[in-house]
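Contents: one structure, followed by commentary.
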Amino acid sequence: MNMSGQRRRIERAESCLSSVRQKSLMNTDADIISTLPDSLLSHVLSLLPTKDAVVTSILSSRWRPLWTLVPVLDLDEDQLFRTQNQTFRFPEIVSRIFILRNTVPDPTPIHKLRIRCLNNCVPLHIDTWVRATFRHRVEELNLSIFTGPDEFLELPRSVFFCSTLVVLKLEGNFNILINPPSACEFPSLRILELRNVKFANSDSLSTLLNACTVLQDLTLNANFTNLDNFNLIVLVGTLKTLNLLVESSSYKVYINTPALEYFSFSGPLGEDVVLENLPNLDDTLIDIDIQHGVSIQDYAKRVRDFMRPLSNIVDMELCIEVVEILYNASSHDDIPMFPNLNSLSLYGFHYFEWRVVQVLLHRTPKLQVLVFELGVDHTGRSAIDGCLEKLQDVPECLSSHLTACHYRELSGNEIEMELVRQILKAARVLKTMSISVDDTLDSEVKLRVCEEISNYQRSSHSCQIAFD
């Protein structure tokens, strides 16, 4: 048989087979999805918002109990209660969900519970739902709760003795009371976030952290004005990430975290602050507020002492106010050296002098990446005002190490342009000057800015200027 004849026979056979398959599909009403195993369907439902997962129960008797097999409850007021015309309010909807789960024989235990209620929540409702959940092996609890005035939610005692809890996230309007028993324990807790909660006493946080033997990630956003001399003591040997945002200065800090890799701090700096044993720390974000009622020299010393243990870091984001505070030191030689700093990002909207940044650059001799993300303050002055003063003593990093400089949201005023010009002129090994021009500028102004910068003198012959 020749090849063409064989090819025609194969094509006819494939055509017949295709028609049989099509006929078979047209003659069947089978619901293929419903034939999938419960484990697979419940996994699919776990990827949906709880509201949508529950709605699938009306599809058929096969689907009716499937949502109860999902080990996740995501109860968001914005999703479950969208209009004032709804028959049921948010608490009623959530209560019905719990009741429906309990009517199913042997429902799957809830491993993850998230409740977000931002409109005058009733603490009793939250307490009831949390207690019902913690009868099982809960792994994650996430509460964003805003109650009415003078109403407080105190976590059930069972939460503080949950051996399976891995993630605990609490956020409120200083209405969630943290009052851990002295014998509490969290042997599995790895992530802890406390935002705008209320501590029962000055040692509440220390008691809580002492119970977290494997904690790796801690975020704390707190106001201690209701407590005198709050003890912010972090002695967690396993901690790798620490984010602190404080809104008062009446606290004491002692941080000893040998495994810490990332540390961010924002807020006023208290008088009694000790950082030690940070051998693995290489990345920080520091945003220290100026504190009134303390002399600038005393506060500068406080800031210097705070930052000195951070001297070995590799990457740092620094609010420009902190640089200005450091500049007010009695001697610029007292400003900590950062011999290993590779990348420095300066951000903020506060007015400062260009010479302030020069002093800091003299303390970062090996700096390779410099980022400016500076705006205009309320007075209308550029945040880098004073830069028209010429560089008298070029920092070592500019002359020998800086290879990349990024300026974000450049508006094209004289001060900013002069800063870019001076860096291009002083940076001898610069490879890239990346500039993001403010989107609010019209196209003609953007073009003028780009053309002017492109014509600036460059000490580095290999430097490329890139505009975003």
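Structural remarks
- Exposure rank, largest accessible area first [PHE306, PHE467; 1.4 Å]: PHE467, PHE306
- Per-selection Rg to Rh, region 49-183 - Cα, Kirkwood hydrodynamic radius: 0.97
- Amide H partners (placed H, <5 Å) of SER264, local residues excluded: LEU242, ASN243, LEU244, LEU285
- Given charges at beta-carbon only (K, R positive; D, E negative), |dipole| of region 120-260 in Debye: 340
- Counting only protein heavy atoms and using a 1.4 Å probe, the accessible area of LYS112 comes to about 80 Å².
- Compared with the alpha-carbon gap, the fully stretched path from GLU247 to LYS446 is longer by 67.7 nm at 0.36 nm per residue.
- Relative to the Cα centre, the charge distribution of region 229-335, modelled as +1 at Lys and Arg Cβ and -1 at Asp and Glu Cβ, gives a dipole magnitude of about 300 debye.
- Note on the chain: Cα-Cα pairs beyond 41 Å make up 43% of the total pair count.
- Accessible area of TYR262 (1.4 Å probe, protein heavy atoms only, ligands and nucleic acids ignored): about 50 Å².
- Residue by residue, region 431-443 carries 3J(HN,Hα) couplings of 9, 9, 10, 9, 10, 9, 7, 3, 5, 6, 6, 6, 4 Hz when phi is fed to the Karplus relation 6.51 cos²θ - 1.76 cosθ + 1.60 (θ = phi - 60°); x denotes Gly or Pro.
- Positive-pole candidate from ASN119, THR164, LEU209, dipole of region 112-217, charges at beta carbon: THR164
- Backbone HN-Hα couplings from phi across region 73-78 [Karplus 6.51/-1.76/1.60, Hz, Gly and Pro as x]: 10, 10, 9, 9, 4, 5
- Full-extension gain in nm, SER95 to GLN297, via 0.36 nm per residue minus C-alpha separation: 66.9 nm
- Computed FRET value (nearest 0.05) for ALA183 with ASN256, which takes r as the C-beta separation and R₀ as 25 Å: 0.60
- Semi-axes of the equivalent ellipsoid for region 302-369, Cα gyration tensor, largest first, Å: 17, 15, 11
- Cross-link reach list, lysines versus LYS431, counting only Cα pairs under 30 Å and skipping chain neighbours closer than eight places: LYS366, LYS390, LYS446
- Measuring only protein heavy atoms, the 1.4 Å probe finds ASP78 accessible over about 90 Å².
- Accessible area ranking (1.4 Å probe, heavy atoms, ligands and nucleic acids excluded), largest first, for ARG101, ARG131: ARG131, ARG101.
- Where only C-alpha atoms are counted, convex hull volume of region 199-323 per residue in Å³: 90
- Taking 0.36 nm per residue of separation and subtracting the current Cα-Cα distance, fully stretching the chain between LYS169 and ASP315 would add 49.8 nm.
- Distance in nm between pseudo-label sites at SER399 and VAL55 (7 Å out along the Cβ direction from Cα): 6.8
- Value of Rg to Rh for region 81-151, rounded to two decimals, is 0.98; Kirkwood radius and Rg both from alpha-carbon coordinates.
- Distance between the pseudo-spin-label points of ASP150 and GLN457 (7 Å out from Cα toward the beta carbon): 7.2 nm.
- Relative to the Cα centre, the charge distribution of region 288-343, modelled as +1 at Lys and Arg Cβ and -1 at Asp and Glu Cβ, gives a dipole magnitude of about 160 debye.
- Loop-resident sites, region 114-159, for chymotrypsin sites (Phe, Trp or Tyr not before Pro), counting at most 14 other Cβ within 10 Å (DSSP): PHE152
- Two-site FRET efficiency, LEU118 against ARG428, from Cβ-Cβ distance with R₀ of 41 Å, rounded to 0.05: 0.15
- Against the criterion of solvent-accessible heavy-atom surface with a 1.4 angstrom probe, THR128, THR364 sort, most first, into THR128, THR364.
- Debye-sum result for region 162-216 in log10 I(q)/I(0), which assumes one identical scatterer on each alpha carbon, at q = 0.21, 0.28, 0.30 Å⁻¹: -0.77, -1.21, -1.28
The values are calculated or read from the model by the stated rules, or taken from the named source; none is laboratory data. Only a predicted model underlies this, so the values are computations on that prediction, with no experimental measurement involved. No Cβ is skipped: glycine too gets one built from the backbone with ideal geometry, and neighbour counts run over all protein chains shown. All accessible areas refer to the heavy atoms of the entire protein, side chains included, with ligands and DNA or RNA removed. Shrake-Rupley method; radii C 1.70, N 1.55, O 1.52, S 1.80 Å.
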